[in-house]
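Participant: What follows is a single structure, and I will ask about it in a moment.
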């Protein structure tokens with residue numbers, strides 16, 4: 001992951017911000033929210049570093065970088081990217097699961113359960129999902145699959161993006177040239193969340209396959 005950051009992500013952001021400034025922040029946040037792993041823990045702290053240095057001139061306005069403009073364009077980019085992810089889930093993921101889900105151990109009634117969950121808890125799920133590394137990149141897809149009401153999805157996705165964008169951009173302004181430390185500090189949380197997700201999926205698969213290897217199960221089946 002660190003090799004990806006050093007060799008691809010950071011040079012990409014350097015080029016993007018140098019060419020189109022605030023628009024680059026918006027594009028990068030849209031990419032991240034559209035299920036492409038370009039971490040906002042890099043996008044926004046780097047923009048915060050640009051804000052902290054008055055010598056850094058934003059290329060579109062020809063003025064020093066402004067904190068609140070960065071926050072606004074970050075939130076707009078987040079919302080735009082999340083709508084892409086939502087649409088993929090609604091118009092691609094949903095039909096795929098309805099037709100082929102049984103072949104990947106997803107039954108139709110489980111899709112209905114997910115629908116009910118997002119009907120009852122979708123607002124909180126989307127809002128808090130926006131505040132979690134890794135999860136925030138992908139949360140819009142299941143919201144689309146379950147066809148969460150679009151207006152509610154936009155409202156809570158945007159609301160969750162606001163504190164996240166403010167916090168990371170502000171942290172970047174405080175750290176200045178050491179802005180990359182934020183990403184490294186949050187890296188363990190990425191790993192922990194990924195492990196939890198993989199473990200949950202593995203447990204679900206094990207249950208769906210009839211809990212092979214469970215003590216006493218084979219004896220009961222033989223009887």
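The values are calculated or read from the model by the stated rules, or taken from the named source; none is laboratory data. Everything numeric here is computed off the predicted structure, so don't read it as measured data. Here Cβ is always computed from backbone atoms with ideal geometry, including for glycine, and neighbour counts include all displayed protein chains.
Participant: Please go through the stretch 96-135 and give me each residue that is part of a helix (DSSP H, G or I) and modelled with pLDDT of 80 or more, ordered by number.
Facilitator: Pass one, the stretch 96-135, residues part of a helix (DSSP H, G or I): 96-104, 108-129, 135.
Within the stretch 96-135, 123, 124, 125, 126, 127, 128, 129 meet the criteria.
Participant: Looking at 161, 169, 194, which is the one that is closer than 24 Å to residue 88 by Cα, surrounded by 13 or more Cβ atoms within 10 Å (Cβ to Cβ), modelled with pLDDT of 85 or more and under 19 Å from the mean Cα position of the chain (by Cα)?
Facilitator: Numbers: 169 fails: closer than 24 Å to residue 88 by Cα; 194 fails: modelled with pLDDT of 85 or more.
Result: 161 is the single residue among 161, 169, 194 that is closer than 24 Å to residue 88 by Cα, surrounded by 13 or more Cβ atoms within 10 Å (Cβ to Cβ), modelled with pLDDT of 85 or more and under 19 Å from the mean Cα position of the chain (by Cα).
Participant: Does residue 93 count as closer than 17 Å to residue 138 by Cα, assigned to a helix (DSSP H, G or I) and modelled with pLDDT under 90?
Facilitator: In short, yes.
Participant: What do you reckon, is residue 88 touching a residue at least 12 places away in the same chain (Cβ under 8 Å), surrounded by fewer than 23 Cβ atoms within 10 Å (Cβ to Cβ), assigned to a helix (DSSP H, G or I) and under 14 Å from the mean Cα position of the chain (by Cα)?
Facilitator: Numbers: touching a residue at least 12 places away in the same chain (Cβ under 8 Å): yes; surrounded by fewer than 23 Cβ atoms within 10 Å (Cβ to Cβ): yes; assigned to a helix (DSSP H, G or I): yes; under 14 Å from the mean Cα position of the chain (by Cα): no.
No.
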